[in-house]
Amino acid sequence: MKNWIRCIVLTLILIAVAPMSAAAESSRGILDVNGNDVALTLHLPEGKTESITSLRVTLRISAVLGTMDAPRFQFKDSVTSLIQDAQIRSLGDNRYLADIILSGKKNQNIFAGSEDARIGTLSLNPTSKDFQIKVEFYSDTENEEGPVVKYMDSSGLEEMKLLLGEANGVQVQNSQAEEVKPPTGDAQQESDNKNPINKPKLKASVISGSKCVMFQWKEIQDVSGYEIYQYDSKTETYKKLKTIKDSKVTAWSKKFKYAVTYNFQMRAFKLKEDGSKIYSEYSSNVKRTLPPTKAKKISIKNKNKKKPSLTWSKVPKAKGYQIYRSTEKKGKYKLLKTIKKGNTTKLAVNKPKSGTVYYYKVKAYVTGSKGKRIYGNFSPTISLK
């Protein structure tokens, strides 16, 4: 991505640079299908278009049936922004994200005051005879109430967002393909996109101090199995981690690396008579940070001095350590010190009074995706008389 595009993206998405407006106003995203083309229009609240100088909205494109190559996005001639860019990024398995960015000079009215901002057209590129492709608005922030459009006002200082309200996705299919009917009953209430299989709800948990992730989900009726995916940051795609060929299996576990944050998704599939698969939508992304390894080689140096030193080996990727002390080896330990530097591996401690024994143990921590500390297991205990 060119440097000027990077600057725009960072300006639009880094909330830390400037405060986000407290409440997102309601807007509406419109997707109109014409053959294999999907026209994108944003209906913005009255008076908002006059102040918008840069804007970002993201579409997710998924092949529910069949295969496709990367789509293309063409901006409307009526959009007068100085910069127009659409980054199409593959997520693997016939899924793409279209990151659509507009930016003009300060105080430039890029929509000419129109409340219906006709952005452009997404052209799909199916590569199979039978296909069904879903296009929907997408938000990569877990805490959003739904898909949003993000923009900067004419001051260039404050990032704001507009909720896209009931912005449902659209389905594109070839005229010869048999329409896939949606599930009935409760399943139909969960899916209005004519998807034949309910979207699974993936849960992932990590036992304290362990590097094992336990995946769990509810059984989905009338499917052949499930596929679990792991995000690969190097290729920026999700890669298949496990295929489970029994619909009644609702749990699976795997060991990963300590002190690493992982992203997971899953989807269900149904085998057709010809051996091909029909897939559900992917589950929501599940992010988990694994704990660090436990501290090792704990020792006490300069025991005969007034301030002996408690030392331990550095734990890879640790952000800090907590040191606990007790007067009984199997008694209750109290937090003595929190060290907020991963490279610090020693602490000066007080020499106990005659006849008293202090017991110490250490555990490392890393910081999870939401700023929460994730702790490793305690080190072995060591005594100081």
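Taking only protein heavy atoms and a 1.4 Å probe, the accessible area of region 225-267 is 44% carbon and sulfur. Ligands, DNA and RNA excluded, the heavy atoms of Met214 present near 70 Å² of accessible surface to a 1.4 Å solvent probe. Counting other Cβ atoms within 10 Å, keep those with at most 14, restrict to DSSP loop, and tell me which trypsin sites (Lys or Arg not before Pro) in region 256-295 are left. Sparse-neighbourhood loop trypsin sites (Lys or Arg not before Pro): Lys257, Lys272. Of the GluC sites (Glu not before Pro) found in region 238-347, those in coil by DSSP whose Cβ has at most 15 other Cβ atoms within 10 Å are Glu273, Glu328. In this structure, the amide hydrogen of Gly120, modeled 1.01 Å from its nitrogen in the peptide plane, lies closer than 5 angstrom to those of Leu40, Lys76, counting only residues at least 5 positions away or on a different chain.
Cβ-Cβ distance of Lys277 and Gln74, R₀ of 41 Å, FRET efficiency by 1/(1 + (r/R0)^6): the value works out to about 0.80.
Phi angles of region 296-308 translate, via the Karplus equation with coefficients 6.51, -1.76, 1.60 and θ = phi - 60°, into HN-Hα couplings of 10, 6, 6, 8, 10, 10, 6, 4, 8, 8, 5, 10, x Hz per residue; Gly and Pro are given as x.
The values are calculated or read from the model by the stated rules, or taken from the named source; none is laboratory data. Remember, predicted model here, so these are calculated numbers, not experimental data. Positions of Cβ are backbone-derived with ideal geometry, glycine not excepted, and every protein chain shown enters the neighbour counts. Surface accessibility is based on the protein's heavy atoms, side chains included, excluding ligands, DNA and RNA. Shrake-Rupley method; radii C 1.70, N 1.55, O 1.52, S 1.80 Å.
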